[in-house]
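Each remark here refers to the structure printed beneath this line.
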Amino acid sequence: TDPKRVYYLAGSNVVSAPLLTAGQQAFLRGHDSDVTCMAVSQSGRLMATGQNGVNADVCVWDLQTGELLHRLSEHDEGIAALAFSPDERLLVSCGVAADQKIFLWDTETGCIVANGKCAPEDCRAVAFSPVVQGGRHYTFATAGSDVVVWGCDAVRGLVGGQKCGVGHTKRVYCSAVFSADGAMVYCGSTSGDVASFTAGGCVLRTLAQ
(Lines give C-alpha, C1' and ligand atoms only; values in the text may rest on other atoms or scores of the structure.)
Protein backbone atom coordinates (compact mmCIF):
# COMPACT_ATOMS: atom_id res chain seq x y z
CA THR A 1 0.00 0.00 0.00
CA ASP A 2 1.16 3.51 -0.78
CA PRO A 3 2.19 5.20 2.51
CA LYS A 4 1.56 8.56 0.87
CA ARG A 5 -2.20 7.97 0.63
CA VAL A 6 -4.92 8.33 3.24
CA TYR A 7 -8.30 6.63 3.27
CA TYR A 8 -11.38 8.08 4.92
CA LEU A 9 -15.15 7.68 4.88
CA ALA A 10 -17.59 10.10 3.26
CA GLY A 11 -21.20 8.96 3.32
CA SER A 12 -21.44 5.76 1.28
CA ASN A 13 -17.99 6.21 -0.28
CA VAL A 14 -14.45 5.36 0.75
CA VAL A 15 -12.13 8.15 -0.35
CA SER A 16 -8.52 7.51 -1.31
CA ALA A 17 -6.52 10.73 -1.29
CA PRO A 18 -2.80 11.51 -1.74
CA LEU A 19 -1.17 13.26 1.19
CA LEU A 20 1.17 15.40 -0.92
CA THR A 21 -0.92 16.26 -4.00
CA ALA A 22 -4.27 18.01 -3.93
CA GLY A 23 -7.11 17.20 -6.30
CA GLN A 24 -6.29 13.59 -7.12
CA GLN A 25 -8.86 11.76 -5.02
CA ALA A 26 -10.21 8.35 -5.95
CA PHE A 27 -13.34 6.65 -4.67
CA LEU A 28 -14.08 3.07 -3.69
CA ARG A 29 -17.77 2.65 -4.43
CA GLY A 30 -19.54 -0.43 -3.18
CA HIS A 31 -22.04 0.72 -0.55
CA ASP A 32 -25.52 2.20 -0.90
CA SER A 33 -25.79 3.69 2.60
CA ASP A 34 -23.51 5.36 5.13
CA VAL A 35 -20.31 3.46 5.85
CA THR A 36 -20.09 2.95 9.60
CA CYS A 37 -16.71 1.26 10.14
CA MET A 38 -13.50 0.24 8.42
CA ALA A 39 -10.43 -1.87 9.12
CA VAL A 40 -7.09 -2.32 7.36
CA SER A 41 -5.02 -5.51 7.47
CA GLN A 42 -1.59 -5.50 9.06
CA SER A 43 0.30 -5.38 5.75
CA GLY A 44 -2.01 -2.69 4.38
CA ARG A 45 -3.03 -4.92 1.47
CA LEU A 46 -6.68 -5.36 2.45
CA MET A 47 -9.39 -3.03 3.69
CA ALA A 48 -12.84 -3.95 4.96
CA THR A 49 -15.76 -1.52 5.23
CA GLY A 50 -19.25 -2.00 6.64
CA GLN A 51 -22.47 -0.04 6.31
CA ASN A 52 -25.82 0.40 7.98
CA GLY A 53 -29.30 0.07 6.49
CA VAL A 54 -31.18 -2.68 4.70
CA ASN A 55 -28.16 -3.87 2.73
CA ALA A 56 -25.80 -4.12 5.68
CA ASP A 57 -22.93 -5.54 3.66
CA VAL A 58 -19.23 -5.81 4.37
CA CYS A 59 -16.97 -4.99 1.43
CA VAL A 60 -13.41 -6.31 1.26
CA TRP A 61 -11.05 -4.28 -0.96
CA ASP A 62 -7.63 -4.86 -2.49
CA LEU A 63 -5.91 -1.54 -1.78
CA GLN A 64 -3.20 -2.17 -4.37
CA THR A 65 -5.72 -2.29 -7.22
CA GLY A 66 -8.83 -0.70 -5.72
CA GLU A 67 -10.74 -3.87 -6.63
CA LEU A 68 -13.74 -5.07 -4.64
CA LEU A 69 -12.74 -8.63 -3.71
CA HIS A 70 -15.73 -9.78 -1.67
CA ARG A 71 -19.20 -8.61 -0.71
CA LEU A 72 -20.31 -10.25 2.54
CA SER A 73 -24.07 -10.10 3.02
CA GLU A 74 -25.07 -11.99 6.16
CA HIS A 75 -25.72 -9.09 8.56
CA ASP A 76 -28.95 -7.14 9.05
CA GLU A 77 -29.46 -3.50 10.03
CA GLY A 78 -25.78 -2.52 10.27
CA ILE A 79 -22.14 -3.33 10.94
CA ALA A 80 -20.64 -2.07 14.19
CA ALA A 81 -16.98 -3.12 14.01
CA LEU A 82 -14.45 -4.98 11.86
CA ALA A 83 -10.96 -6.40 12.36
CA PHE A 84 -8.43 -8.52 10.46
CA SER A 85 -6.46 -11.30 12.11
CA PRO A 86 -2.70 -10.67 12.39
CA ASP A 87 -1.98 -13.19 9.60
CA GLU A 88 -4.73 -11.61 7.43
CA ARG A 89 -6.44 -14.98 6.94
CA LEU A 90 -9.58 -14.01 8.84
CA LEU A 91 -11.90 -11.01 9.04
CA VAL A 92 -14.33 -10.65 11.93
CA SER A 93 -17.49 -8.58 11.53
CA CYS A 94 -19.80 -7.59 14.39
CA GLY A 95 -23.35 -6.42 13.81
CA VAL A 96 -25.17 -3.60 15.55
CA ALA A 97 -27.45 -4.26 18.54
CA ALA A 98 -30.44 -4.96 16.27
CA ASP A 99 -28.41 -7.61 14.41
CA GLN A 100 -26.50 -9.33 17.24
CA LYS A 101 -24.50 -11.49 14.81
CA ILE A 102 -20.79 -12.10 14.64
CA PHE A 103 -19.06 -13.72 11.65
CA LEU A 104 -15.54 -14.82 10.88
CA TRP A 105 -14.71 -14.82 7.17
CA ASP A 106 -11.96 -16.34 5.06
CA THR A 107 -10.31 -13.35 3.39
CA GLU A 108 -9.19 -15.38 0.36
CA THR A 109 -12.53 -16.98 -0.51
CA GLY A 110 -15.08 -14.74 1.21
CA CYS A 111 -16.65 -17.84 2.82
CA ILE A 112 -17.90 -18.03 6.40
CA VAL A 113 -15.46 -19.75 8.76
CA ALA A 114 -17.60 -19.51 11.91
CA ASN A 115 -20.49 -17.49 13.28
CA GLY A 116 -22.10 -16.76 16.61
CA LYS A 117 -24.29 -14.34 18.50
CA CYS A 118 -23.02 -11.22 20.19
CA ALA A 119 -24.28 -10.18 23.59
CA PRO A 120 -27.50 -8.15 23.45
CA GLU A 121 -25.55 -5.06 24.38
CA ASP A 122 -24.01 -2.99 21.64
CA CYS A 123 -20.57 -3.86 20.24
CA ARG A 124 -18.41 -0.81 19.60
CA ALA A 125 -14.97 -2.28 18.94
CA VAL A 126 -13.28 -5.56 18.07
CA ALA A 127 -9.59 -6.54 18.06
CA PHE A 128 -7.56 -9.69 17.40
CA SER A 129 -4.81 -11.02 19.61
CA PRO A 130 -1.42 -10.94 17.85
CA VAL A 131 -0.88 -14.57 18.88
CA VAL A 132 -2.20 -17.33 16.59
CA GLN A 133 -1.74 -20.85 17.94
CA GLY A 134 -0.95 -23.61 15.48
CA GLY A 135 -2.14 -21.51 12.56
CA ARG A 136 -5.76 -22.26 13.47
CA HIS A 137 -6.62 -20.99 16.98
CA TYR A 138 -7.44 -17.29 17.07
CA THR A 139 -8.38 -15.02 19.97
CA PHE A 140 -10.21 -11.72 19.67
CA ALA A 141 -12.17 -9.40 21.94
CA THR A 142 -15.33 -7.35 21.51
CA ALA A 143 -16.02 -4.24 23.57
CA GLY A 144 -19.21 -2.37 24.31
CA SER A 145 -21.33 -2.50 27.43
CA ASP A 146 -19.35 -5.67 28.15
CA VAL A 147 -15.93 -6.96 27.17
CA VAL A 148 -16.03 -10.48 25.73
CA VAL A 149 -12.96 -12.57 24.86
CA TRP A 150 -13.60 -15.00 22.02
CA GLY A 151 -11.76 -18.05 20.77
CA CYS A 152 -12.04 -19.44 17.24
CA ASP A 153 -10.89 -22.77 15.85
CA ALA A 154 -10.70 -21.88 12.17
CA VAL A 155 -10.26 -25.49 11.03
CA ARG A 156 -13.30 -26.86 12.87
CA GLY A 157 -15.38 -23.72 12.33
CA LEU A 158 -16.06 -23.15 16.02
CA VAL A 159 -16.29 -19.87 17.92
CA GLY A 160 -17.24 -19.09 21.52
CA GLY A 161 -16.96 -16.18 23.91
CA GLN A 162 -16.57 -15.51 27.62
CA LYS A 163 -17.73 -12.28 29.20
CA CYS A 164 -15.11 -10.58 31.37
CA GLY A 165 -15.97 -10.16 35.02
CA VAL A 166 -16.09 -6.54 36.17
CA GLY A 167 -17.75 -6.74 39.58
CA HIS A 168 -19.65 -3.54 40.29
CA THR A 169 -17.70 -1.53 37.71
CA LYS A 170 -19.95 -0.31 34.92
CA ARG A 171 -18.52 1.26 31.80
CA VAL A 172 -19.26 1.50 28.08
CA TYR A 173 -16.10 0.53 26.20
CA CYS A 174 -15.38 1.99 22.77
CA SER A 175 -11.90 0.66 21.91
CA ALA A 176 -9.89 -2.51 22.43
CA VAL A 177 -6.29 -3.64 21.87
CA PHE A 178 -4.26 -6.65 22.98
CA SER A 179 -0.82 -6.55 24.53
CA ALA A 180 2.08 -7.74 22.34
CA ASP A 181 2.10 -11.16 24.00
CA GLY A 182 -1.69 -11.53 23.83
CA ALA A 183 -2.00 -11.93 27.60
CA MET A 184 -3.95 -8.71 28.28
CA VAL A 185 -6.76 -6.76 26.66
CA TYR A 186 -6.86 -2.99 27.14
CA CYS A 187 -10.20 -1.23 26.61
CA GLY A 188 -10.93 2.49 26.60
CA SER A 189 -14.30 3.70 27.86
CA THR A 190 -16.56 6.60 26.99
CA SER A 191 -15.87 8.04 30.45
CA GLY A 192 -12.14 8.30 29.79
CA ASP A 193 -11.00 5.21 31.71
CA VAL A 194 -8.70 2.47 30.42
CA ALA A 195 -9.41 -0.99 31.78
CA SER A 196 -7.07 -3.97 31.54
CA PHE A 197 -8.41 -7.52 31.42
CA THR A 198 -6.63 -10.86 31.43
CA ALA A 199 -7.24 -12.58 28.10
CA GLY A 200 -6.97 -16.02 29.67
CA GLY A 201 -9.08 -15.59 32.78
CA CYS A 202 -11.30 -12.75 31.53
CA VAL A 203 -10.85 -10.80 34.77
CA LEU A 204 -10.65 -7.03 35.27
CA ARG A 205 -7.20 -6.21 36.65
CA THR A 206 -6.92 -2.44 36.66
CA LEU A 207 -8.99 0.62 35.84
CA ALA A 208 -7.00 3.77 35.24
CA GLN A 209 -8.18 7.31 34.54
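The table below gives the values:
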| quantity | calculated |
| --- | --- |
| Label point at Val203 placed 7 Å out along Cα→Cβ; residues across region 155-176 whose backbone nitrogen lies under 16 Å | 163-169 |
| Over the chain, relative contact order from alpha-carbon pairs under 8 Å, at least 6 apart, % | 10 percent |
| Environment charge of Asp87, counting only residues whose C-beta is closer than 14 Å and scoring Lys/Arg +1, Asp/Glu -1 | 0 |
| Kirkwood Rh (inverse of mean 1/r, distinct Cα pairs), region 22-149, angstrom | 14.8 Å |
| Dipole-positive endmost among Pro3, Gly53, Ile112 within region 1-127 (Cβ charges, Cα centre) | Pro3 |
| Local electrostatic count, Val185, Cβ distance below 13 Å [Lys/Arg +1, Asp/Glu -1] | 0 |
| Within region 42-180: Cβ-based charge dipole about Cα centre, in debye rounded to nearest 20 (Lys, Arg +1; Asp, Glu -1) | 480 debye |
| Given charges at beta-carbon only (K, R positive; D, E negative), |dipole| of region 1-98 in Debye | 380 debye |
| Highest-fluctuation residue, Val131, Val177, Val155 considered, GNM on the chain with Cα pairs under 10 Å | Val155 |
| Surface share of carbon and sulfur [accessible, 1.4 angstrom probe, percent] for the chain | 49 percent |
| Residue among Val96, Tyr186, Ala26 farthest towards the positive dipole end of the chain, charges placed on Cβ | Tyr186 |
| Cα-based reach from Lys163 at 15 Å (exclusive), listing aspartates and glutamates while leaving out same-chain residues under 8 positions away | Glu121, Asp122, Asp146 |
| GNM result for the chain, Cα springs below 10 Å: residue of Ser73, Ser12, Ser33 fluctuating most strongly | Ser73 |
| Net charge over other residues, Cβ less than 10 angstrom from the Cβ of His75 (K, R count +1; D, E count -1) | -4 |
| Farthest positive-ward along the chain dipole, Cα basis, beta-carbon charges - from Cys202, Gly151, Ala125 | Cys202 |
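The values are calculated or read from the model by the stated rules, or taken from the named source; none is laboratory data. This structure is a prediction, so every number in the text was calculated from the model and none was measured. As a convention, Cβ positions derive from the backbone with ideal geometry for all residues, glycine included, and neighbour counts pool all protein chains shown. Each accessible area value is taken on the protein alone, full model and side chains, heavy atoms only, with ligands, DNA and RNA left out. Shrake-Rupley method; radii C 1.70, N 1.55, O 1.52, S 1.80 Å.
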